[in-house]
Amino acid sequence: MICVSIIEQDIDKCIEILKQCEMAELRLDKIQPGIPELKKLLAFDIPIIATCRAGIYDNDKRLELLTAAIKNGAGYVDIELESDENYRKMLINAADYYNCKIIISYHNFNETPDIDTLKNIVARAKALNPDLIKIVTYAQTADDNSTVLSLYQNESQIVAFAMGESGKESRIRSLMLGSPFIYAACEKGCESAAGQMTVDELKKILKQ
């Protein structure tokens, strides 16, 4: 399944993108919606991941947006493994109460750690009892793809791949190894991470 990562600030454009998706990720830190706009974005009958990365908002605002998303029908909430413990607990409690699935995520934007380090990160995430674990590293070389993808040998319910130009291969191979979905941009120029391909590019590759 292709999950379109939406970063547009224009709510009407977000809605048009959602009409064409089979699954979507709402990057609330990029979209920056008010609660009424957020409710509109969550009205679609497709799996939607609510994500709000650190940087634009403080934890209180992130908590407000993600809790509202959980209450209004988000299928998943993405919670960073390295986030504040109290912030994490409050989101996990809200997700459990509203039957929203939990993704515990780890991102390394600089490198791909060795496999033992990655396994330790997975173990830490597992301790939080999520529905999915997301491990995303940065591929400096093609060999880094094999490192992050080796997590699929012993894990299920995991989304693991590498960012960057060298990591594109890992995005495709992750689906073949058991990832339930792959992230994509709606079009060129709308990528939410380095090395992310568009929906059309992925469809062409997956048909080959």
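FYI, it's all coordinate maths here, none of it is from the lab. Just so it is clear, the structure is predicted and the values come from calculations on it, not from any experiment. In this analysis, Cβ positions are derived from the backbone assuming ideal geometry, glycine residues included, and neighbour counts consider all displayed protein chains.
A few points about this structure:
- Pairs where the first residue, in the range 135-163, is over 16 Å from ASN120 (Cβ atoms) and in contact (Cβ under 8 Å) with a residue 24 or more places away in the chain and the second is of a type in the set (Asp, Glu) and part of a loop (DSSP other than H, G, I, E, B), C-beta under 8 Å, 6+ apart: TYR138/GLU111; GLN140/GLU111; ASP144/GLU111; GLN157/ASP131
- Helices (runs of 4 or more DSSP H) contained entirely in the range 137-207, each with at least 2 residues that are surrounded by 17 or more Cβ atoms within 10 Å (Cβ to Cβ) and hydroxyl-bearing (Ser, Thr, Tyr): 168-177
- Assessment of the range 184-194 against the conditions (farther than 24 Å from ILE31 by Cα and of a type in the set (A, V, I, L, M, F, W, C)) yields no matching residue.
- Residues of the range 69-118 that turn out to be in contact with a Leu (Cβ under 7 Å, 6 or more places away or on another chain), under 30 Å from SER166 (Cα atoms) and not β-branched (Val, Ile, Thr), as a count: 3
- Exactly one residue among GLU64, GLU111, GLU82 is more than 22 Å from ASP29 (Cβ to Cβ) and surrounded by fewer than 18 Cβ atoms within 10 Å (Cβ to Cβ), and that residue is GLU111.
- Filtering the range 1-60 to residues that are in a strand (DSSP E or B) and either within 19 Å of ILE79 (Cβ to Cβ) or not hydrophobic (A, V, I, L, M, F, W, C) (or both) leaves CYS3, SER5, ILE6, ALA24, GLU25, LEU26, ARG27, ILE48, ILE49, ALA50, THR51.
- Residue check for ARG53: of a type in the set (Lys, Arg), crowded, with 20+ Cβ neighbours inside 10 Å and farther than 14 Å from GLN9 by Cα: no
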